[in-house]
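Laboratory data are not the source of any read-out in this text; all were calculated from the coordinates shown. All figures in this text were calculated on a predicted structure; none of them were measured in a lab. Please note: Cβ atoms are built from the backbone with ideal geometry, for glycine as well, and neighbour counts cover all protein chains shown.
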Amino acid sequence: MPRPIELVIDMNALRHNEAKMREAAAGRTLWAVCKANGYGHGLANCIKAFEDADGIAILDIEDAVKARELGWKKRILMIEGFFDAEDLPVLEKANAEVVVRDLRLIELLEQSHIRHIACHLKVNTGMNRLGFRPAEIPAMKERLQKIPCVEYKGIVTHFANGERSYTADGPATVARQMQRLGDLARTEKGVCLAATTGILFHPEVKGDAVRAGIALYGVSPDSTLTSEELGIIPAQTLRAKLIAIQHLEPGEAVGYGSKWIARRPSRIGVIACGYADGYPRAMPNGSPVYVAGRIAPTTGAVSMDMMEIDLTDIPEAGEGDWVELWGKHNPVNKVAACAGTIGYELICSVMPRVPVRTVG
């Protein structure tokens, strides 16, 4: 028998979330962001679930090829552009559009012998990772439009802090980033400004297209709001079975480093999941899991293939029961917060050795 652990992907949840974001897009072109293997949900699953989106936005060149092989016929956007000249013929064949983020890429396009590629200019409005400053855009646009193979599509930017909970006096609020964008947001065609937080929390941000990301997968982009409050459904569940029960006396410890010591007679459950499966080793004692209809706390250090939980107050839980590490009953954002990270990281970090099962 296989090891009792699995990653469950709910296809109906993905479809529901896509419809929700389609509604929020309010008639604008909807890009479904499927980078990082569909945020850990599988590119093939995303292509099936997001068939009503206008296009998919991805990162890896190989994914553009794979998407076409899987039957995706709509638009593809390479959200981080391309990386070298040899990528261009591959992307042309895949009929993928690219984001142009710096002068080097423009120079590679000028030197290229391909016949056609659609390009979007990346504008840096405060994230300060990629893109041209707003004042540079007119010159870069003019330069791109002079390249015979280039079809100029418009501009793209990305908000550093679109969460509703972000402080209003921060250095890169949506309002300040829009201010830096200036007339470009109003005069340019093909403008794509809002990602998930912009779509959900900033109706003042207009444009012709939007990019839906984390909410497609049922995870709130703002840790102060639940998925339920946003009307989206978690599509990923990481779960594993209890494979053993240990009975500890007061003073006995659990796991490497003996970081959890029993203060009472304790019933400890051992789960077939560890950091080699993608569950963070940094998770502290007391982090939540869901078992037998209740939340139980973790105990001791997470090891490579196993972890332990305190079942003393859940006598109905026993060997062979499924434990939800995160999912519909145990929100990934709450789990991630215990380890000082975000839900995005956890859903993207499940390891290939974990079997994947789709439902719906």
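Figures for the structure shown
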quantity	calculated
Gyration tensor (alpha-carbon) shape descriptor, the stretch 150-240, a/c threshold 1.5	oblate
Cα-Cα pairs of the stretch 115-168 separated by more than 13 Å (percent)	63 percent
Orphan Cys of the chain, criterion: no other Cys C-beta under 4.7 Å	Cys119, Cys149, Cys192, Cys273, Cys338, Cys348
Ellipticity estimate at 222 nm from DSSP helix runs (n ≥ 4, -39,500 (n - 2.57)) divided over the chain, nearest 500	-7000 deg cm²/dmol
Proxy reagent accessibility, fewest Cβ within 10 Å first, across Met351, Met140	Met351, Met140
Exposure proxy order (Cβ contacts within 10 Å, fewest to most) of Phe82, Phe132	Phe132, Phe82
The stretch 11-219 - charge dipole about Cα centre, Lys and Arg +1 at Cβ, Asp and Glu -1, debye rounded to 20	420 debye
Full-stretch length increase - Glu86, Asn128 - with 0.36 nm per residue and alpha-carbon distance subtracted	12.4 nm
Unit charges at the beta carbon, dipole of the chain: most positive-side option, Thr312, Ile61, Gly207	Gly207
At least 30 Å along the helix axis (C-alpha) and Kyte average at least 1.6, DSSP helices within the chain	none
Among Gly198, Gly255, Gly170, residue whose mean-square fluctuation peaks in a GNM of the chain (springs only between Cα atoms under 10 Å)	Gly170
Nonlocal amide H pairs with Asp60, under 5 Å, H built at 1.01 Å	Ala36
Which listed pairs, of Lys35/Lys66; Lys241/Lys328; Lys35/Lys74; Lys35/Lys122; Lys35/Lys334, have C-alpha distances above 19 Å, in listed order	Lys35/Lys334
Taking the stretch 52-108 and dividing mean pair separation by its residue count, relative contact order in percent (alpha carbons under 8 Å, at least six apart)	35 percent
Contact order normalised by residue count of the stretch 236-359, Cα under 8 Å, 6+ apart, percent	29 percent
q = 0.10 Å⁻¹, the stretch 11-219: log10 I(q)/I(0) [Debye, one scatterer per Cα]	-0.41
Residue of Pro234, Pro148, Pro280 that the Gaussian network model of the chain assigns the largest fluctuation, springs spanning Cα pairs under 10 Å	Pro148
For the stretch 236-359, alpha-carbon Rg relative to the globular expectation (2.2 N^0.38 Å, N residues)	0.99
Equivalent ellipsoid semi-axes, the chain, via Cα gyration tensor eigenvalues times 5, rooted, Å	44, 21, 18
Mean separation of Cα contacts under 8 Å (6+ apart) over length of the chain, as relative contact order %	18 percent
Added length on full extension, which subtracts the Cα-Cα distance from 0.36 nm per residue, Ala139 to Lys189	16.4 nm
Furthest towards positive pole of dipole, Leu43, Val289, Thr299, structure part the chain, Cβ charges	Leu43
Karplus-derived HN-Hα couplings along the stretch 154-164 (A = 6.51, B = -1.76, C = 1.60, θ = phi - 60°), whole Hz, x at Gly and Pro	x, 10, 9, 9, 9, 7, 6, 9, x, 4, 4
Residue order, fewest to most beta carbons within 10 Å, for Thr298, Thr173	Thr173, Thr298
Nearest-20 debye value, the chain charge dipole, Cβ charges on Lys, Arg, Asp, Glu	560 debye
With eigenvalues of the C-alpha gyration tensor scaled by 5 and rooted, the stretch 94-145, Å	20, 12, 9
